[in-house]
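A.B. asks: Below is a structure I'd like to ask you about.
The values are calculated or read from the model by the stated rules, or taken from the named source; none is laboratory data. Treat the numbers as computed from the prediction; the structure is a model and nothing was measured. Methodologically, a virtual Cβ is constructed for each residue, glycine included, from the backbone with ideal geometry; neighbour enumeration extends over all protein chains shown. For accessibility, only protein heavy atoms count, side chains too; no ligands or nucleic acids. Shrake-Rupley method; radii C 1.70, N 1.55, O 1.52, S 1.80 Å.
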Amino acid sequence: MADRYPDYDVLAKSDTLSWNPVTRKVIAERMATAEPDILSPEQHATLRRLIERIVPQPDNRPPVNTVALLLHRIMANRPDGYRHHRLPPLREAWTIGLAAIDAEAQARHGQPFALLSNREADDLLRAIEASETQAEAWQDFPPALFWSWRLIPDIVSAYYAHPSAWSAMGFGGPASPRGYVRLLANRRDPWEAREEGNHHGA
Amino acid sequence: MRSYSETEAVDFVIVGTGAGGGTLAARLAEAGFSVIAMDAGPYWRPLEDFASDETHQEKLYWTDERIVDGEHPIKLGSNNSGKSVGGSTVHFAMVSLRFRPEHFKARTKLGYGADWPVDWREMWRYYAEVEDALKIAGPVRYPWGPHRGRYPYRAHPLNAAAEYLARGAEALGIDWTETPLATLSAPRGKAHPCVYRGFCVTGCSTNAKQSVLVTWLPRALAAGAEIRDLAMVGQIETKNGRVTGVQYHREGEWRFQPARNVIVAGYAIETPRLLLNSANGEFPNGLANSSGLVGKNLMVQLNQAVWGIVEDEVRSYKGPPSLAISEHWNYEDRGKDYFGGWSYMSQGPLPITWARTLSGGRGLWGQALIDEMARVNHSVGLKMVGEVLPDERNRVTLADECDQYGLRIPRVTFAFRDNEKAMIRHALDFMDQSLAATGATERWQESDDTCHLNGTARMGNDPATSVVNSDCRSWDIPNLWICDGSIFPTVGGVNPSLTIQAMACRTADRILLANHEAS
Ligand SMILES: Cc1cc2nc3c(=O)[nH]c(=O)nc-3n(C[C@H](O)[C@H](O)[C@H](O)COP(=O)(O)OP(=O)(O)OC[C@H]3O[C@@H](n4cnc5c(N)ncnc54)[C@H](O)[C@@H]3O)c2cc1C
Ligand code: SF4
């Protein structure tokens with residue numbers, strides 16, 4: 001779908017009153033986050049391909065470093081405050097999960113996940129989502145739970161932590177100390193995104 | 001800030017500085033007691049420390065490991081509890097509601113759950129005290145329940161999302177109102193009014209939000225209380241049937257603080273966990289647990305929603321997330337095939353929360369997710385806060401694993417029963433009709449979200465069926481008190497923080513009274 005907010009970039013506000021110093025700092029650090037070397041090359045490739053399928057990059061905007069952000073999270077292995085009793089802690093869950101996704105690709109197509117076509121990859125992901133996997137690797141590792149408690153929330157949370165993703169959805173972004181004045185429908189402040197083809201506001 | 005030594009017992013050690021503990025710290029210090037309020041979390045300075053960012057602000061949440069199981073394992077984290085001085089109120093959504101009077105006597109008046117051992121009129125006096133302490137911004141006339149006085153500050157304006165709630169309610173012929181909120185609608189001292197930045201549930205960086213951190217705790221400090229942050233209490237010690245103080249972990253070591261009284265206010269998971277982890281030779285089943293009820297009757301609240309798409313640009317990221325509310329189904333019992341009540345409010349999810357909602361609740365991923373996310377400025381939603389009935393099978397126990405302090409972690413077991421399922425059906429259907437009446441299309445139902453935690457150390461009139469008495473004093477140990485979300489016998493259909501603070505004010509008065517009588 002075409003970008004609804006083609007002339008909007010939330011980063012254009014980073015030097016304005018909408019961003020306080022601590023916000024500037026954490027967002028700059030996030031955007032500069034590189035990919036740590038914590039997985040085997042095969043697992044790294046699996047994760048990269050998985051992320052491409054779950055959260056495709058926005059068109060015509062700087063890419064989101066989802067892989068780096070998620071790898072940092074896996075490395076930190078910080079709990080989220082609730083762990084499903086059938087899943088291991090974060091880092092272990094990801095390590096087992098990535099290996100299981102690859103094993104599933106091997107079982108179905110005799111190839112690693114990273115080399116599957118888009119359609120093959122998506123069909124395989126739908127099988128995980130529906131708990132219809134074939135590989136041994138899922139024996140003690142419930143695929144649908146891994147999907148809904150770990151894979152999906154972790155990936156979408158990393159992607160939607162990035163300014164490119166905010167700009168593409170017309171989100172106002174950081175807003176402190178300056179917030180908003182116009183709260184009613186079809187009204188926007190001058191520092192909010194203009195939606196293409198919509199002539200309301202400002 | 002005053003600081004007390006570890007060589008002398010203080011009058012009160014309070015464990016936790018949230019809605020229950022922070023309020024008590026202020027009220028007891030003001031009454032002249034020596035008070036140390038400990039919190040496992042840090043003492044933030046929001047103006048300097050808080051970013052406008054969902055991910056960074058995860059630092060406010062209780063994310064220590066907890067195991068969840070049962071038929072509907074609950075998702076905790078951001079949505080349920082905080083680990084900060086000020087407790088969960090540092091990132092709460094500020095909705096400040098009173099219980100319907102009959103809900104304090106659900107068993108005798110409405111035939112379900114359990115009665116509270118307090119009279120609603122007394123609670124309403126304490127509600128008024130808390131509303132004034134927080135300068136709640138609310139409507140001129142509240143449509144439901146007995147008459148209440150004017151809210152201290154005028155209501156906030158509606159945002160577009162709230163207007164959709166209002167239009168739907170009017171179309172269905174029920175009342176709605178501006179939500180009473182704990183954020184300033186006018187200046188207060190040095191604090192500016194709310195700037196409608198919309199990041200409330202990740203912490204308010206302008207201090208407009210009237211959390212415990214900016215209301216009760218400054219009062220506590222002014223009255224000479226010590227707030228000891230980054231202090232994780234691992235065990236309450238006892239001798240000859242009385243508590244003697246707390247073992248707590250701070251700056252890498254275990255320490256002991258003696259106290260004449262201990263008040264536990266760690267919220268409905270950490271409170272029973274601490275009482276159970278404090279089991280000793282005298283109290284082998286944990287403290288205050290002769291009834292066996294510590295940890296049992298955990299009640300979350302139902303947090304299901306209906307979402308849809310509208311032509312208008314709604315941009316619900318602006319303003320506090322829930323500016324309009326209907327409590328109709330808290331006060332109307334006819335037409336229900338279940339017990340209990342619920343309210344519903346307008347919504348304003350931030351990007352990560354919304355992405356998790358769409359991917360988790362609707363199964364969207366890939367380009368379908370990205371495209372739907374791009375329509376967020378045209379989406380509107382209504383979300384319920386619904387009553388869960390007490391059930392002993394929903395509970396907090398100790399798991400075998402230990403956390404970073406070497407303490408056994410909690411296991412939280414939860415399932416919805418038939419009553420909850422019937423309430424969810426009714427609420428989703430009603431909220432769908434309400435959205436439909438505003439012209440929203442492509443409506444869908446988010447069916448499994450929960451919020452709030454209550455009930456694992458309930459109060460009552462009978463030591464066999466409750467953990468604390470009507471003064472929030474434990475039945476088993478006379479100088480051990482519990483005063484937080486755990487003491488709720490029932491939860492009603494409103495967010496709990498105002499009731500917790502009102503109960504804390506009442507408890508402070510009861511302690512004072514008992515003290516006068518003793519001396
Ligand atoms: C995202 C979110 C939105 C919410 N929105 C609303 C709302 O709009 N309206 C409403 O009424 N309620 C809301 N709530 C709920 C409300 O915040 C809580 O019900 C209330 O704060 C609970 O009060 P409490 O005193 O029981 O616990 P808390 O406020 O959670 O305080 C407990 C404190 O105890 C500390 N602690 C726990 N164990 C220990 C220990 N062993 N040693 C030392 N410290 C310890 C914790 O660090 C914490 O700071 C919301 C909650 C969340 C998470
Ligand atoms: S909308 Fe108001 S209360 Fe919420 S974070 Fe902003 S200033 Fe604070």
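A.B. asks: Here are the criteria: (1) open to solvent by less than 10 Å² (accessible area, probe 1.4 Å); (2) touching a strand residue (DSSP E or B) at 6+ places or on another chain (Cβ under 7 Å). Tell me which single one B:Asn303 does not satisfy.
C.D. replies: All conditions pass for B:Asn303, except number (1).
Conditions tested, residue by residue: (1) polar (S, T, N, Q); (2) surrounded by fewer than 14 Cβ atoms within 10 Å (Cβ to Cβ); (3) in a helix (DSSP H, G or I); (4) within 14 Å of chain B (Cβ to nearest Cβ).
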{"residue": "A:Asp3", "(1), (2), (3), (4)": "no, no, no, yes"}
{"residue": "A:Leu11", "(1), (2), (3), (4)": "no, no, yes, yes"}
{"residue": "A:Ser18", "(1), (2), (3), (4)": "yes, no, no, yes"}
{"residue": "A:Ile27", "(1), (2), (3), (4)": "no, no, yes, yes"}
{"residue": "A:Asp37", "(1), (2), (3), (4)": "no, yes, no, no"}
{"residue": "A:Gln43", "(1), (2), (3), (4)": "yes, no, yes, no"}
{"residue": "A:Asn60", "(1), (2), (3), (4)": "yes, yes, no, yes"}
{"residue": "A:Leu71", "(1), (2), (3), (4)": "no, no, yes, no"}
{"residue": "A:Leu98", "(1), (2), (3), (4)": "no, no, yes, no"}
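A.B. asks: In addition: Looking only at region B:439-458, filter to residues that are within 14 Å of chain A (Cβ to nearest Cβ) and part of a strand (DSSP E or B); which one of those is nearest to ligand 2 (Cβ to nearest atom)?
C.D. replies: Residues of region B:439-458 that are within 14 Å of chain A (Cβ to nearest Cβ), as a first pass: B:439-440, B:446-451, B:453.
Imposing the further condition that a residue be part of a strand (DSSP E or B) reduces the set to B:446, B:450-451, B:453.
Details: B:Glu446: 23, B:Thr450: 23, B:Cys451: 17, B:Leu453: 22 Å.
Step by step, filter region B:439-458, then rank; the result is B:Cys451.
A.B. asks: Against the conditions (1) within 18 Å of B:Val412 (Cβ to Cβ); (2) within 16 Å of ligand 1 (Cβ to nearest atom), where does B:Leu293 fall short? Just the number, please.
C.D. replies: Failing condition for B:Leu293: (2).
A.B. asks: Every residue in region B:378-416 that is under 17 Å from the mean Cα position of the chain (by Cα) and acidic (Asp, Glu), please.
C.D. replies: Residue satisfying the conditions is B:Glu387 alone.
Yes/no matrix, rows are residues, columns are (1) outside any strand (DSSP E or B); (2) away from ligand 1 (no atom under 15 Å from the Cβ); (3) of a type in the set (Val, Ile, Thr):
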site: B:Ser185; (1), (2), (3): yes, yes, no
site: B:Ser205; (1), (2), (3): yes, yes, no
site: B:Val212; (1), (2), (3): yes, no, yes
site: B:Gly245; (1), (2), (3): no, no, no
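A.B. asks: Just give me the residues in region B:89-124 being farther than 22 Å from B:Arg458 by Cα and outside any loop (DSSP other than H, G, I, E, B), in sequence order.
C.D. replies: B:Val90, B:Val95
To keep it simple, each residue is scored yes or no on (1) within 16 Å of ligand 2 (Cβ to nearest atom); (2) open to solvent by 20 Å² or more (accessible area, probe 1.4 Å); (3) within 13 Å of the chain's Cα centre (by Cα); (4) within 14 Å of chain A (Cβ to nearest Cβ).
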{"site": "B:Glu6", "(1), (2), (3), (4)": "no, yes, no, no"}
{"site": "B:Phe12", "(1), (2), (3), (4)": "no, no, no, no"}
{"site": "B:Ala26", "(1), (2), (3), (4)": "no, no, no, no"}
{"site": "B:Ala37", "(1), (2), (3), (4)": "no, no, no, no"}
{"site": "B:Asp49", "(1), (2), (3), (4)": "yes, yes, no, yes"}
{"site": "B:Ser52", "(1), (2), (3), (4)": "yes, no, no, yes"}
{"site": "B:Ile67", "(1), (2), (3), (4)": "no, no, no, yes"}
{"site": "B:Met94", "(1), (2), (3), (4)": "yes, no, yes, no"}
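A.B. asks: Might you let me know whether region B:464-478 holds any residue that is among the polar types (S, T, N, Q) and within 16 Å of ligand 2 (Cβ to nearest atom)?
C.D. replies: no
A.B. asks: Checking B:Arg425 against (1) open to solvent by less than 40 Å² (accessible area, probe 1.4 Å); (2) outside any strand (DSSP E or B); (3) of a type outside the set (Phe, Trp, Tyr), which test does it fail?
C.D. replies: Exception for B:Arg425: condition (1).
A.B. asks: Moving on to the next point. Would you be able to tell me the number of residues in region A:45-58 that are more than 9 Å from chain B (Cβ to nearest Cβ), over 16 Å from A:Ile96 (Cα atoms) and aliphatic (A, V, I, L, M)?
C.D. replies: 1
A.B. asks: Within region B:69-92, can you find the residues that are farther than 23 Å from B:Ala25 by Cβ, open to solvent by less than 10 Å² (accessible area, probe 1.4 Å) and touching a Ser or Thr at 6+ places or on another chain (Cβ under 8 Å)?
C.D. replies: Within region B:69-92, B:Ile74, B:Gly77 qualify.
A.B. asks: Considering only residues of region B:161-186 that are more than 16 Å from ligand 2 (Cβ to nearest atom) and within 10 Å of chain A (Cβ to nearest Cβ), which is most open to solvent (accessible area, probe 1.4 Å)? Quick ask: steps written out before the conclusion?
C.D. replies: Initial filter on region B:161-186 (more than 16 Å from ligand 2 (Cβ to nearest atom)): B:163-177.
Subset that is within 10 Å of chain A (Cβ to nearest Cβ): B:163-164.
Details: B:Glu163: 66, B:Tyr164: 12 Å².
Here the residue is B:Glu163.
A.B. asks: Return yes or no: is A:Ile155 within 16 Å of the chain's Cα centre (by Cα) and more than 9 Å from chain B (Cβ to nearest Cβ)?
C.D. replies: no
A.B. asks: Looking at A:Glu192, is it open to solvent by less than 50 Å² (accessible area, probe 1.4 Å) and at pLDDT 95 or above?
C.D. replies: When the stated conditions are applied, A:Glu192 passes them.
A.B. asks: Let me ask something additional. For region B:22-29, indicate whether the set of residues that are under 14 Å from B:Lys83 (Cβ atoms), touching a residue at least 40 places away in the same chain (Cβ under 8 Å) and of a type in the set (D, E, K, R) is non-empty.
C.D. replies: Taking every residue of region B:22-29 in turn, none turns out to be under 14 Å from B:Lys83 (Cβ atoms), touching a residue at least 40 places away in the same chain (Cβ under 8 Å) and of a type in the set (D, E, K, R).
A.B. asks: Output the residues belonging to region B:172-183 that are away from ligand 1 (no atom under 16 Å from the Cβ) and of a type in the set (Val, Ile, Thr).
C.D. replies: The one that is away from ligand 1 (no atom under 16 Å from the Cβ) and of a type in the set (Val, Ile, Thr): B:Ile174.
A.B. asks: While we're looking at this one, here's another question. Given (1) of a type in the set (D, E, K, R); (2) in a helix (DSSP H, G or I); (3) closer than 28 Å to B:Gly138 by Cβ, identify the lone condition not met by B:Glu48.
C.D. replies: Only one criterion is unmet by B:Glu48, namely (3).
A.B. asks: Within region B:187-226, how many residues are open to solvent by 30 Å² or more (accessible area, probe 1.4 Å) and either more than 7 Å from ligand 2 (Cβ to nearest atom) or charged (D, E, K, R) (or both)?
C.D. replies: Going through region B:187-226 one residue at a time, the tally reaches 14.
A.B. asks: Yes or no: A:Ala114 in contact (Cβ under 8 Å) with a residue 60 or more places away in the chain, more than 13 Å from chain B (Cβ to nearest Cβ) and in a helix (DSSP H, G or I)? Even if it seems obvious, please write down each step before you answer.
C.D. replies: Details: in contact (Cβ under 8 Å) with a residue 60 or more places away in the chain: yes; more than 13 Å from chain B (Cβ to nearest Cβ): yes; in a helix (DSSP H, G or I): yes.
Yes.
A.B. asks: Which of the residues spanning region A:167-185 are touching a residue at least 60 places away in the same chain (Cβ under 8 Å), under 20 Å from A:Asp7 (Cβ atoms) and either open to solvent by less than 10 Å² (accessible area, probe 1.4 Å) or in a loop (DSSP other than H, G, I, E, B) (or both)?
C.D. replies: Of everything in region A:167-185, those that are touching a residue at least 60 places away in the same chain (Cβ under 8 Å), under 20 Å from A:Asp7 (Cβ atoms) and either open to solvent by less than 10 Å² (accessible area, probe 1.4 Å) or in a loop (DSSP other than H, G, I, E, B) (or both) turn out to be A:Ser167, A:Met169, A:Gly170, A:Phe171, A:Gly172, A:Gly173, A:Pro174, A:Ala175.
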